[in-house]
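**Q** The structure is given below, and queries will be raised subsequently.
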Amino acid sequence: MTAAQPAGDARQVVLVTGLSGAGKASILRALEDLGFETVDNPPLTILEELVGDGHAPIAIGVDARSRGFDAAEVLEALRRLRRHAGLSVTLLFATAEEAVLLRRFSETRRRHPLAPGGSLGNRVSDGIAREARMLAPLREEAEMLLDTSDLPLPELRRMIEHRFAPRDAAGLGIGVMSFGYPKGLPREADLVFDLRFLRNPHYDPALRPMTGRDAPVAAFVEADPDFAPFWARMTGLLDLLLPRYVAEGKKYLTVAMGCTGGRHRSVLVAERLAAHLSAAGWRVDVIHREIGPAAPAQGAGPGPSLAGREALSHPS
């Protein structure tokens, strides 16, 4: 099997699109390191010719800079490609918050492709808004949405590797994330569980500096009388849903656990859930958005990693 090739004879095709400054070039470089052929912004008229010529996995960058760009035409080409039994096609969309994109363009002094008049903040903002409108149909259609606002470059590469690196067996990849509500819901989440109903270790001065990885915090949260019934129902629900997602052809799933600060209850439950799913044979990647990454849980099948704390330092 060719490097990064999916199980069987299907050629793996990744169309990488998204907002300028959100990390598309970094994604393409990570895929190239995995053995993909990479082409950035070819004319749309040769898109299907590129995909049909060869057998190695291929990643193609497509965005508003592409000659003759039209989102409807890209989607139509994507639908034609997906009808080919010999292709396994993924549309990946990279995005980031406007404030983050503005900072990246300011730091690198690069001009936004849709704001040719200059790099002043208001002109870049206009370019970002224009590009977001142009690419909205592709964002809606994407199987994989990557928000790089709080994603450091090593974590981005790790996410791409987990999603697209060769695997001994195909299957559903599961990402488990803990987060704090004040910083907002993680955009990549498919399922979100709100843990703020559990008693909060933050109000215990001895537990406040600890995290959900520490045994005293775990004991405190698990002593809540509602923890055990919640845990049984949540894991029972996931044990029911995951095989159905596989049957429907879903390749990855992000389960997010939220609490007030993202340090105690959500961290504990994310760790416990990762261990539970791993023991059931799933390949799980767990990360704690507010306190930093955790080591991947071991299991079977591919799984994506999730966002860390620092932003990309470049808008490529």
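**Q** Just subtract the alpha-carbon distance of Leu75 and Tyr245 from 0.36 nm times their residue separation and send over the number in nm, one decimal.
**A** Length gained between Leu75 and Tyr245: 58.8 nm.
**Q** Given a Förster distance of 41 angstrom, what is the FRET efficiency for Ala136 paired with Ala206, based on the Cβ-Cβ distance and rounded to 0.05? Provide the component values of the computation, followed by the final result.
**A** Working: r = 49 Å, r/R0 = 1.20.
Once the sixth-power term is evaluated, E becomes 0.25.
**Q** Find how many whole Å separate the alpha carbon centroid of the range 250-281 from the alpha carbon centroid of the range 124-201.
**A** 15 Å
**Q** Still on this structure, please answer the following. Normalised by the residues of the range 173-293, what does the relative contact order come to in percent, with Cα pairs under 8 Å and at least six apart? Provide the component values of the computation, followed by the final result.
**A** Working: 191 pairs, mean separation 61.9, N = 121.
Dividing the mean separation by the residue count of the range 173-293 yields 51 percent.
**Q** While we're here: Only Lys, Arg, Asp and Glu count, each charged at its Cβ (+1, +1, -1, -1), so figure out the dipole size of the range 11-164 about its Cα centre, rounded to 20 debye.
**A** Values: 21 positive and 23 negative charges, 59 e Å.
That gives a dipole near 280 debye.
**Q** Expressed in nm to one decimal, what extension gain is obtained for the pair Asp53 and Ala275 from 0.36 nm per residue of sequence separation less their Cα-Cα distance?
**A** Values: separation 222, 0.36 × 222 = 79.92 nm, distance 4.29 nm.
That works out to 75.6 nm of additional length.
**Q** Output wanted: per-residue J couplings in Hz (rounded whole) for the range 221-229, from phi through Karplus 6.51 cos²θ - 1.76 cosθ + 1.60, θ = phi - 60°, x for Gly and Pro.
**A** Per residue, the Karplus-derived 3J(HN,Hα) values read 5, 5, 6, 4, x, 8, 5, 4, x Hz.
**Q** Between Asp224 and Leu145, what length in nm is gained on full extension when 0.36 nm per residue of separation is reduced by their alpha carbon distance? Don't skip to the end; give the middle numbers.
**A** On the way: separation 79, 0.36 × 79 = 28.44 nm, distance 3.56 nm.
Gain on extension, Asp224 to Leu145, equals 24.9 nm.
**Q** Another question, then. Of the trypsin sites (Lys or Arg not before Pro) in the range 10-100, which ones lie in a loop per DSSP and count no more than 16 other C-beta atoms within 10 Å?
**A** Values: sites: Arg11, Lys24, Arg29, Arg65, Arg67, Arg79, Arg80, Arg82, Arg83; in loops: Arg65, Arg67, Arg83.
Passing both the DSSP loop test and the Cβ count: Arg65, Arg67, Arg83.
**Q** Compute the signed sum of charges (Lys and Arg +1, Asp and Glu -1) over the other residues within less than 15 Å, Cβ to Cβ, of Pro137.
**A** Numbers: positive: Arg79, Arg130, Arg133, Arg139; negative: Asp63, Asp70, Glu73, Glu76, Glu131, Glu140, Glu141, Glu143.
Computed value for this residue: -4.
Here, each number is a calculation from the coordinates, and none is a lab measurement. What you see is a predicted model, and the numbers here were worked out from it, not measured in a lab. Backbone-built Cβ (ideal geometry, glycine too); neighbour counts: all protein chains shown.
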